[in-house]
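Undergrad: Structure in structure tokens, see below.
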Amino acid sequence: MSSAAEVADDVEIGPYAVVHAGVRLAPGVRIDAHAVIGGEPQDLSFTGGVTYLEVGRDTAIREGAVIHRATTSARPTRIGAKCLIMGQTHIGHDCWIGDGVVVSQQAGIAGHVTIGDGAVIGGMCGVHQHVRIGTQAMVAAMAKVNRDVLPFCAVDGNPATHRALNVVGLRRAGVANADYRALRSAFQRLRAGQELDDVGGLVDQLAQFLAEKSLRGIASFQREVA
């Protein structure tokens, strides 16, 4: 571990893990064996200098995970609080990952990806650079995600398409029945190519996500089976 890293007293770092200079690890963080945290970004535009990786409280980074710091000092690569970053995963430079996110075994997340709070990224999936994945979204195992994923929704396939609401995730999050019904209605309208006509509650987050700038576009919807 670099002497220039800032590590809280109770952080756990496993054998053969590498923690580079400029990394700041908050109390409660756990890093398992062979993880590489805060290495130089894999980006041809990177010209050197001091850049950062930020990891929140109570986040576990498991064996063999690799997380790169940002390409500029303007904003760090960020992993939020209470995340689980499973083994052999890769999180690229300039990613911004919310709280309570699960990144499953061998998932690969390219640079500049944004992932909202409570999202789950399935094992062995690949996420293209600059993709946005919304709050409480679910990405299925081995999916190829090259477009944005809406909040509260589940995607699967190659390329990944929106299949349904993230029912299990919403239930675990304690989403009320009325909010679930509103989200289901909104999802059906979007799948039909219609605009959202009843915005309120959690549907506001869908509408806001759609209104924000997207560099990749929104993943398409799988056609409803008759």
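Undergrad: Among the residues of segment 86-108, write down those that are hydroxyl-bearing (Ser, Thr, Tyr) and within 11 Å of the chain's Cα centre (by Cα).
TA: Within segment 86-108, just 104 meets the criteria.
Undergrad: Among the residues of segment 37-51, how many are buried (at least 16 other Cβ atoms within 10 Å of the Cβ) and over 18 Å from the mean Cα position of the chain (by Cα)?
TA: So the count comes out to 4.
Undergrad: Also: Identify all residues within segment 15-50 that are more than 18 Å from residue 83 (Cα to Cα), touching a residue at least 24 places away in the same chain (Cβ under 8 Å) and assigned to a strand (DSSP E or B); write none if there are none.
TA: Across segment 15-50, the qualifying residue is only 39.
Undergrad: Could you list, ordered by first residue, the pairs with Cβ atoms under 8 Å in which the first is in segment 140-167 and closer than 15 Å to residue 191 by Cβ and the second is of a type in the set (Asp, Glu), at least 6 apart or interchain?
TA: 163/156
Undergrad: What helices (runs of 4 or more DSSP H), lying completely within segment 108-222, carry at least 2 residues that are closer than 30 Å to residue 52 by Cβ?
TA: Passing ranges, in order: 203-211.
Undergrad: Pull out all pairs, ordered by first then second residue, where Cβ-Cβ is under 9 Å, the residues are six or more apart or on different chains, the first lies in segment 96-110 and is under 19 Å from residue 144 (Cβ atoms), and the second is among the basic types (Lys, Arg).
TA: From segment 96-110, the pairs are 105/62.
Undergrad: Give the residue that is farthest from residue 215 (Cα to Cα), with candidates limited to residues of segment 140-164 that are within 15 Å of the chain's Cα centre (by Cα) and charged (D, E, K, R).
TA: 144
Undergrad: Out of 200, 193, 217, I need the residue that is over 18 Å from residue 119 (Cβ atoms) and either surrounded by 12 or more Cβ atoms within 10 Å (Cβ to Cβ) or touching a Lys or Arg at 6+ places or on another chain (Cβ under 6 Å) (or both). Which one?
TA: One residue alone meets the criteria, 217.
Undergrad: Somewhere in segment 182-202, is a residue under 23 Å from residue 156 (Cα atoms) and of a type in the set (Val, Ile, Thr)?
TA: Checking segment 182-202: not a single residue is under 23 Å from residue 156 (Cα atoms) and of a type in the set (Val, Ile, Thr).
Undergrad: While we're on this one: Output yes when any residue across segment 81-94 is more than 21 Å from residue 5 (Cβ to Cβ), among the hydroxyl-bearing types (Ser, Thr, Tyr), touching a residue at least 24 places away in the same chain (Cβ under 8 Å) and out of contact with any helix residue (DSSP H, G or I) (no Cβ under 9 Å at 6 or more places or on another chain), and no when none is.
TA: No: zero hits.
Undergrad: Would you check if there is a residue in segment 8-15 being within 22 Å of residue 73 (Cβ to Cβ), buried (at least 16 other Cβ atoms within 10 Å of the Cβ) and either touching a Ser or Thr at 6+ places or on another chain (Cβ under 6 Å) or not basic (Lys, Arg) (or both)?
TA: no
Undergrad: Search segment 58-86 for residues being of a type in the set (D, E, K, R) and in a loop (DSSP other than H, G, I, E, B), and hand back the single one that is surrounded by the most Cβ atoms within 10 Å (Cβ to Cβ).
TA: Looking only at segment 58-86, we keep the residues that are of a type in the set (D, E, K, R), and these are 58, 62-63, 69, 75, 78, 82.
If we keep only those that are in a loop (DSSP other than H, G, I, E, B) too, we end up with 58, 62-63, 69, 75, 82.
Working: 58: 16, 62: 20, 63: 18, 69: 24, 75: 13, 82: 17.
That would be 69.
Undergrad: Return a yes/no flag: does segment 124-137 have any residue that is surrounded by fewer than 23 Cβ atoms within 10 Å (Cβ to Cβ) and either over 27 Å from residue 71 (Cβ atoms) or in contact with a Cys (Cβ under 8 Å, 6 or more places away or on another chain) (or both).
TA: Scanning segment 124-137, I find no residue that is surrounded by fewer than 23 Cβ atoms within 10 Å (Cβ to Cβ) and either over 27 Å from residue 71 (Cβ atoms) or in contact with a Cys (Cβ under 8 Å, 6 or more places away or on another chain) (or both), so the answer is no.
Undergrad: Oh, and also: Hey, can you tell me all the residues within segment 3-21 that are in contact with a strand residue (DSSP E or B) (Cβ under 6 Å, 6 or more places away or on another chain) and modelled with pLDDT under 85?
TA: Hit for segment 3-21 is 20, nothing else.
Undergrad: If you don't mind, there's one more thing I want to ask. Spot the failing condition for residue 185; the list is (1) buried (at least 17 other Cβ atoms within 10 Å of the Cβ); (2) closer than 23 Å to residue 210 by Cβ, and only one is missed.
TA: Single failed check for residue 185: (1).
The values are calculated or read from the model by the stated rules, or taken from the named source; none is laboratory data. Values in this document were obtained by computation on a predicted structure and should not be read as measured data. FYI the Cβ positions are ideal-geometry reconstructions off the backbone, even for glycines, and counts take in every protein chain you see.
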